[in-house]
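Undergrad: Take a look at this one; I'll ask things after.
Values in this text are rule-based calculations from the coordinates and carry no lab data. No experiment lies behind these values; they were computed from the predicted model shown. Virtual Cβ from ideal backbone geometry, glycine too; neighbours counted across all protein chains shown.
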């Protein structure tokens, strides 16, 4: 009987002490070690990269480039890792060429390559952060594919253009309180309807129910830049790889008479 009474008392004491132990354990878990306190900003070694299509075959078009998986044959393409950390060893395999630079561009020329999915591979080796990522071996490799398509400037504005022509439904990010709008876009060639420029005609957007006409300046596969159009300093249309379509029209600050500005994002209907 004495043994049982002592055993019961010991169990009762243990049960009373258990919540205190759990509370103390939880407090200790909240405290973060100084060795891994910045791990939320760290990521494993990654070879993910972007391919950006230049609006021309040479590097003077670096300010006119668009992330893409498709480019016109003979255009320039800029390759860059997504990881902002510049340390480590970078090796690119572009066709038969091996490139040991972190970023670079190449002119994608060769009519025999039109229609092919060309593999582009990046291999990255660098010192891993083993405190935050103990299983990281410091190595990663990614292959993406770039498709080249033919480009004939005459056909671009004369033939149907599924990326930039049709009816599009947009939401204006400069006016989030407004409802979505539908815009009809048509590309017209130099001389068509008597006008002397290759241009885009946007119906349903401009004030007073008139068409907005934007004259072509630069193009690549996924984006059009315009000039001499209604007083805008930024005039562009982009068709993203996720099939979203973006139109940005931002006015010059020096204009005496304000004009409507737009930053439309939507999809083709």
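Undergrad: Calculate, axis by axis, the spread of Cα positions in region 155-268 along the three principal axes, and write the results as whole Å, longest axis first.
TA: So the extents along the principal axes, rounded to whole Å, are 39, 34, 25.
Undergrad: So, one more: Report, in cubic angstrom per residue, the convex hull volume of the C-alpha atoms of region 209-269.
TA: Cα convex hull per residue, to the nearest whole number: 99 Å³.
Undergrad: Here's something else I'd like to know. Wrap a convex hull around the Cα atoms of region 58-214, take a quarter of its surface area, and give that in square nanometres.
TA: Result: 14.5 nm².
Undergrad: Percent of Cα-Cα pairs more than 21 Å apart in region 127-192, please.
TA: Percent of Cα pairs beyond 21 Å in region 127-192: 63.
Undergrad: At what distance in nm do the modelled label points of residue 113 and residue 155 sit from each other, each positioned 7 Å from its Cα along Cα→Cβ?
TA: 1.9
Undergrad: On to the next question. Rank-order 179-185, 88-94 by packing density, defined as the average count of other C-beta atoms within 10 Å over each peptide's residues, highest first.
TA: 88-94, 179-185
Undergrad: Label 7 Å along Cα→Cβ of residue 46; region 70-92 residues with amide nitrogen under 19 Å?
TA: 79-92, by backbone N distance to the label point.
Undergrad: If you wrap a convex hull around the alpha carbons of region 43-151, what volume per residue comes out, as a whole number of Å³?
TA: 96
Undergrad: In nanometres, what is the gap between the two model label sites at residue 86 and residue 137, each 7 Å from Cα along Cα-to-Cβ?
TA: 3.0
Undergrad: Against the globular-protein guess of 2.2 N^0.38 Å, express the Cα radius of gyration of region 42-91 as a ratio, rounded to two decimals.
TA: Output field value: 1.32.
Undergrad: Given a Förster distance of 22 Å, report the FRET efficiency between residue 252 and residue 192 from their Cβ-Cβ distance, rounded to the nearest 0.05.
TA: 0.20
Undergrad: Is the shape of region 81-137 rounded, prolate or oblate, going by the alpha carbon gyration tensor and its root eigenvalues a ≥ b ≥ c, with a/c under 1.5 for rounded and a/b larger than b/c for prolate?
TA: Prolate.
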